[in-house]
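Take a look at the structure below.
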2 protein chains.
Amino acid sequence: MPVGIKDVAQAAGVSAATVSRVLGHGPVSADLRDRVEAAIRATGYRPNLSARRLRSQHSRTIGLIVSDIRNPFFTTLSRAVEDAAYRAEMRVVLCNTDENPDREAMYLRLMQEERITGLIYAPTRTSASALARMDFDFPVVLVDRTGPKGIHDAVVIDNHGAAAQLVDHLADNGHGRIFGLFGNTSSTAVERHDGYRAAMTARGLAPDARFVAPNDRAAAEALGERLAGGDRPDAVVVSNGLMLLGVYRALKAAGLETPRDLALAGFDNETWTELVGPGLTVIEQPVADIGRTAMDLLFERLRLPEMAPRKVVLTGRLVARGSSGRA
Amino acid sequence: MPVGIKDVAQAAGVSAATVSRVLGHGPVSADLRDRVEAAIRATGYRPNLSARRLRSQHSRTIGLIVSDIRNPFFTTLSRAVEDAAYRAEMRVVLCNTDENPDREAMYLRLMQEERITGLIYAPTRTSASALARMDFDFPVVLVDRTGPKGIHDAVVIDNHGAAAQLVDHLADNGHGRIFGLFGNTSSTAVERHDGYRAAMTARGLAPDARFVAPNDRAAAEALGERLAGGDRPDAVVVSNGLMLLGVYRALKAAGLETPRDLALAGFDNETWTELVGPGLTVIEQPVADIGRTAMDLLFERLRLPEMAPRKVVLTGRLVARGSSGRA
DNA sequence: CTGAAAGCGCTTACAG
DNA sequence: CTGAAAGCGCTTACAG
């Protein structure tokens, strides 16, 4: 039986209202405040947050929906969001969808049931397209991936430009047959493919791309199939960190050396990309900035609900390493 | 203004109690059930979880307190815990303490305020020792790190044995001057040091250990200082994945090659340890099993509160790679 | 099977 | 500054 506010009130010889005022920012005389604080310590009282949220109609809760917290991109993002929430004295409800639209729908319902203050959300393409028809009682800030135009605030990077930069870099290093491997669940992968395609075309190179599930296994498999075909590529561009890992493992397993047998470049400056062989050339994303910016947008939106939706585009940084060198 | 249970009741022409029964497992006639379900769809009603938790006195919430979700050990642990919670229709409140005892104390208070059903907790040594004097209204299962003997359920690995195994492996490969680098915040690091020390002594080797903050920077620095001293070691054992990363980076930066200049072995089979140079020899922990087992213990404890506390000891697996080979 | 009523533990106008 | 009272949105005995 946890002690309640009435027990504290009784112990301090005051009303429950006064205890509540001591806990909050109400006006309380120094005398009563001391007595209440002593009673709180003596009883070990801890306010019931469910009751507080219900009564005050503020959950002080941020929802965060990502595909998988094991993806370092989202791990870092979540820490940035949590640290910002912590500073604002809010908590975070974190949900992993595994890129599964059914789970996304379920978690969106959960967010409504939690009466969250705001949502930070990296939707799959399937769910993003449904977003236009959905109506929430809280603001939504999209991160990493976009949704229907002009409805929600969003923080993304310049995916088109970043992918083009990778292609240009590889082409400058003498690679012309550049195979592109992209995820098939996010707007982000689509934009990266567009950038890849545009840069290839601009240089008179023939685009050669494939979309697969954005995980290491599927990427490794797709690469294997492509290499088994004729007219082998001399470089590969990969659209996220997990897929890049799958490709790198597959190359190693096949006894192929980078960049001697095949140049390689991709997204996400994960720990291992720096430590491995000649190092992997990647686009580093300002992940923590993305998280902080999303929280900033959310707080401004709460302050000014009628403001027009904003899209903040951050820039990735090319980290050139050995893997993109000449064959 | 979100719609409430009364709105649904009115729309369906029934009482709020009946709507509540349809939502839960109450007995409701097929006719009324259909009408209520139609009304829920029509109104887009979502129950308010704060109200439900307050009234039902069940939060259906598991607390999870770890040092840092960016540590892959805890990332994987948290996914295992969340997946198990999801299956049991419970949510998880995740907290990062950054090994800071003040933050731990704050989050322990938060857990009480959330009236959580149970807690899964990897305490720092400072907080663990205070655990004996603390009284919670929910069961606590310790993971990865232990607390005062015989009070809480716990899931750990055989740290003593695993560390000894690393020493034996290095010694079998001809290394005798084995420097040990251990974290200074966890019982786990202490146990690993004990195992290291015991194995060294058993072989007539002189222990040579240091305790530092369990992060990459501090580990790199400590290694640098040790190498600057005389009588250089010919191998290093490191007590966790993040520290191992710091050590590996420092070696690379110093132009030292593994195992030629210095053999290396440690804990946590992280992605990069497999991909790097000759591969790093590590103890792989059954992380997901640790998480699942912790949830199992928690659920059994909820069923049988009076059972004697249990400690489940899982076993790490030695993954021998090139880094521990002969000089 | 169904409804009216009480109450979970707080906060917040309202009076004083 | 302080207290008595109402009420947040549900669930759950209690009657019928």
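The values are calculated or read from the model by the stated rules, or taken from the named source; none is laboratory data. Just so you know, these numbers come straight off a predicted model, no measurement behind them. Cβ: placed from backbone, ideal geometry, glycine included. Neighbour counts: every protein chain shown.
The table below gives the values:
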quantity: Condition met for A:Val247 (in a strand (DSSP E or B) and within 25 Å of the chain's Cα centre (by Cα)); calculated: no
quantity: Unmet requirement for A:Gly13, which otherwise passes all of (1) farther than 30 Å from A:Gln112 by Cβ; (2) in contact with an Asp or Glu (Cβ under 6 Å, 6 or more places away or on another chain); calculated: (2)
quantity: Tally of residues being of a type outside the set (Asp, Glu) and at positive phi across the range A:267-282; calculated: 2
quantity: Exclusive hit being in contact with a helix residue (DSSP H, G or I) (Cβ under 6 Å, 6 or more places away or on another chain), over 26 Å from A:Glu270 (Cβ atoms) and among the aliphatic types (A, V, I, L, M), set B:Val312, B:Val276; calculated: B:Val312
quantity: Cross-chain or 6+ apart pairs with Cβ under 6 Å, the range B:296-324 first and assigned to a loop (DSSP other than H, G, I, E, B), then surrounded by 14 or more Cβ atoms within 10 Å (Cβ to Cβ) and among the small types (Gly, Ala, Ser); calculated: B:Gly316/B:Ala162; B:Arg321/B:Gly279
quantity: Count of residues meeting criterion [within 7 Å of DNA strand C (Cβ to nearest atom) and exposed (fewer than 13 other Cβ atoms within 10 Å of the Cβ)] in the range A:23-54; calculated: 2
quantity: When residues of the range A:8-22 are limited to those that are surrounded by fewer than 17 Cβ atoms within 10 Å (Cβ to Cβ) and assigned to a helix (DSSP H, G or I), the one farthest from DNA strand D (Cβ to nearest atom); calculated: A:Gln10
quantity: Subset tally (residues that are over 30 Å from B:Gly4 (Cβ atoms), of a type in the set (Gly, Ala, Ser) and surrounded by fewer than 18 Cβ atoms within 10 Å (Cβ to Cβ)) for the range A:131-160; calculated: 1
quantity: Segments classed as helices (runs of 4 or more DSSP H), wholly inside the range B:71-131, with at least 1 members that are facing chain A (nearest Cβ under 8 Å); calculated: B:72-87, B:101-113
quantity: Looking only at the range B:269-283, and only at residues there that are surrounded by fewer than 24 Cβ atoms within 10 Å (Cβ to Cβ) and more than 9 Å from chain A (Cβ to nearest Cβ), the one that is farthest from B:Asn215 (Cα to Cα); calculated: B:Pro278
quantity: Those residues of the range B:191-203 which are crowded, with 20+ Cβ neighbours inside 10 Å and of a type in the set (A, V, I, L, M, F, W, C), in sequence order; calculated: B:Ala199, B:Met200
quantity: Total residues in the range B:193-221, condition of a type outside the set (D, E, K, R) and part of a helix (DSSP H, G or I); calculated: 11
quantity: Of all residues making up the range B:283-295, the number that are in contact (Cβ under 8 Å) with a residue 40 or more places away in the chain and outside any helix (DSSP H, G or I); calculated: 3
quantity: The lone exception for B:Lys149 - which of (1) over 29 Å from B:Glu221 (Cβ atoms); (2) within 14 Å of another protein chain (Cβ to nearest Cβ); (3) not aromatic (Phe, Trp, Tyr) it fails; calculated: (2)
quantity: Looking only at the range A:55-70, and only at residues there that are surrounded by 19 or more Cβ atoms within 10 Å (Cβ to Cβ) and within 30 Å of A:Leu244 (Cα to Cα), the one that is nearest to the other protein chains (Cβ to nearest Cβ); calculated: A:Ile69
quantity: Checking B:Ile62 against (1) part of a helix (DSSP H, G or I); (2) more than 12 Å from DNA strand D (Cβ to nearest atom); (3) under 19 Å from A:Leu110 (Cα atoms), the condition it does not meet; calculated: (1)
quantity: B:Gly183 over 27 Å from B:Leu302 (Cβ atoms), out of contact with any helix residue (DSSP H, G or I) (no Cβ under 7 Å at 6 or more places or on another chain) and not hydroxyl-bearing (Ser, Thr, Tyr); calculated: no
quantity: Number of positions in the range B:21-41 that are more than 14 Å from every other protein chain (Cβ to nearest Cβ) and in contact (Cβ under 8 Å) with a residue 12 or more places away in the chain; calculated: 7
quantity: Single match in A:Ser78, A:Ser67, A:Ser129 (criterion: outside the structural domain of A:Asn215 (by TED's automatic domain parsing) and over 17 Å from the mean Cα position of the chain (by Cα)); calculated: A:Ser129
quantity: Residue ID - nearest to A:Met111 (Cα to Cα), chosen from residues in the range A:23-59 that are part of a loop (DSSP other than H, G, I, E, B) and away from DNA strand D (no atom under 12 Å from the Cβ); calculated: A:Pro47
